[in-house]
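Just so it is clear, none of the values below were taken in a lab; they were calculated from the coordinates. Note that this is a predicted model, so its numbers are computed, not measured. Positions of Cβ are generated from backbone atoms using ideal geometry, with glycine treated the same way; all protein chains shown enter the neighbour counts.
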Amino acid sequence: MKTYAALLKSDAEPILVKEGFSWGALILGPFWLAAHRAWVATAISLAAYVLLATVVAQPAAGILAIGLAVILGLTGNDLRRWALEHRGYLLVHVLAAGSKDDAFTRLLTHRPDLAARLRPEPA
């Protein structure tokens, strides 16, 4: 069972963000954050990697870079949610479901107003 945070903005579809560890953030770091439009977190993590590479001597720089990657893996989804909140999204529900589709279905069950808003208008 996975946990998802449902974020909602009045003029946009709901976004579900998985809670917990992110393998994408661990492996791709700032590129994963940029793909999810978390610009501030992207800039800070990229600056941290550049600072490690230029200021800290090897092998300590490599060890600290691995540590930074682990931190990004642990907090990547939180940083993504934080970026969405700064773009005007509000946390409306925390859902437990087996998959993202199941979580979206559960959200629409709990919020019929969203189901009506997302339904296409008849032509």
Which of Ala83, Ala61, Ala25 fluctuates most in a GNM of the chain (C-alpha springs under 10 Å)? That residue is Ala61
Tilt relative to the chain, helix 39-55 - C-alpha long axis, 0 to 90 degrees, to 10 = 10
Along Cα→Cβ, 7 Å out, is where each label goes; now give me the distance between the ones at Leu46 and Met1 in nm to one decimal.
-> 4.0
Quick calc, Asp102 & Asp11: beta-carbon distance into FRET formula, R0 22 Å, rounding 0.05, result 0.30
Cα-based helix-to-principal-axis angle, 100-110 vs the chain, degrees rounded to 10 = 40
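Residues with beta-carbon under 12 Å from that of His86, excluding His86: net charge, scoring Lys, Arg +1 and Asp, Glu -1?
Details: positive: Lys9, Arg37, Arg80, Arg81, Arg87; negative: Glu85.
Around His86, the surrounding residues sum to +4.
Add -39500 (n - 2.57) for each DSSP H run of 4 or more in the chain, then divide by its residues: what number comes out at 222 nm, to the nearest 500 deg cm²/dmol?
Details: 6 runs with 74 residues, N = 123.
Here the helix-only value at 222 nm equals -19000 deg cm²/dmol.
Pulled fully out, how much extra length does the chain show between Leu118 and Leu64, if you take 0.36 nm times their separation in residues and subtract their Cα-Cα distance?
Extra length available between Leu118 and Leu64 comes to 14.9 nm.
Please give the length that would be gained between Leu91 and Leu28 if that part of the chain were fully extended, namely 0.36 nm times their separation in residues minus their C-alpha to C-alpha distance (nm, one decimal). All intermediate terms of the calculation are to be shown ahead of the outcome.
Details: separation 63, 0.36 × 63 = 22.68 nm, distance 2.59 nm.
Full-extension gain reported as 20.1 nm.
From the Cα gyration tensor of region 2-118, with a ≥ b ≥ c the square roots of its eigenvalues, which class applies: rounded if a/c is under 1.5, or else prolate if a/b is larger than b/c, or else oblate? Please list the in-between numbers first.
Details: a/c = 4.19, a/b = 2.35, b/c = 1.79.
Prolate, because a/c is 1.5 or more and a/b exceeds b/c.
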Once you charge only the Cβ atoms, +1 for Lys and Arg and -1 for Asp and Glu, what is the size of the charge dipole of region 2-118 about its Cα centre, to the nearest 20 debye?
-> 60
What's the exposure ranking of Phe31, Phe104, going from fewest to most Cβ atoms within 10 Å?
-> Phe31, Phe104
Give the calculated FRET efficiency between Val56 and His110 to the nearest 0.05, with a Förster radius of 41 Å applied to their Cβ-Cβ distance.
-> 0.25
Which of Pro59, Pro30, Pro112 moves most in a GNM of the chain, Cα contacts under 10 Å?
-> Pro59
Candidates Leu26, Leu90, Leu51, ranked by Gaussian network fluctuation over the chain, Cα under 10 Å, top entry | Leu51
